[in-house]
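The structure under discussion appears below in the form of structure tokens.
The values are calculated or read from the model by the stated rules, or taken from the named source; none is laboratory data. Quantities reported herein were computed from a predicted structural model and do not represent experimental measurements. Ideal geometry is used to build each Cβ from the backbone, glycine not excepted, and the neighbour counts take in all protein chains shown. Accessible surface areas use protein heavy atoms only, side chains included; no ligands, DNA or RNA. Shrake-Rupley method; radii C 1.70, N 1.55, O 1.52, S 1.80 Å.
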Amino acid sequence: MATTKDYKEYLVGQLSILENIVCRPMMGEYLLYYDDILFGGIYDNRLLIKIVEGNQKYELPSAIPYEGAKSMYEIEDLDNQELIRDIVLDTCKCLPKKGDKKSRK
């Protein structure tokens, strides 16, 4: 099941608390970038983020975005913009910017 347009628009609205969010379509789903850092995506109407040391403290459930992919964390509390913002920022602190090879721990 591909992500619906309504769900994508809702999530982009929830992520608008952060500046520099980019949502790029990819094969019926969407990749999410913050400040040129790929931190997650929207898969089957779910907001999933990469698993990194900086976001383990949130104790999020893990999920598989698609068959054969690595596990990611699922953000389920989509109504809490401040929590989403904090999770995204803590995640991105541990990930490289687009074009960088190393993480930014």
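Data for the structure
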quantity	calculated
Strands (runs of 3 or more DSSP E) wholly inside the stretch 12-68 containing at least 3 residues that are crowded, with 19+ Cβ neighbours inside 10 Å	29-34, 37-43, 46-49
Positions within the stretch 69-93 being open to solvent by less than 70 Å² (accessible area, probe 1.4 Å) and either more than 21 Å from Tyr30 (Cα to Cα) or assigned to a helix (DSSP H, G or I) (or both), in sequence order	Gln81, Leu83, Ile84, Asp86, Ile87, Val88, Leu89, Asp90, Thr91, Cys92
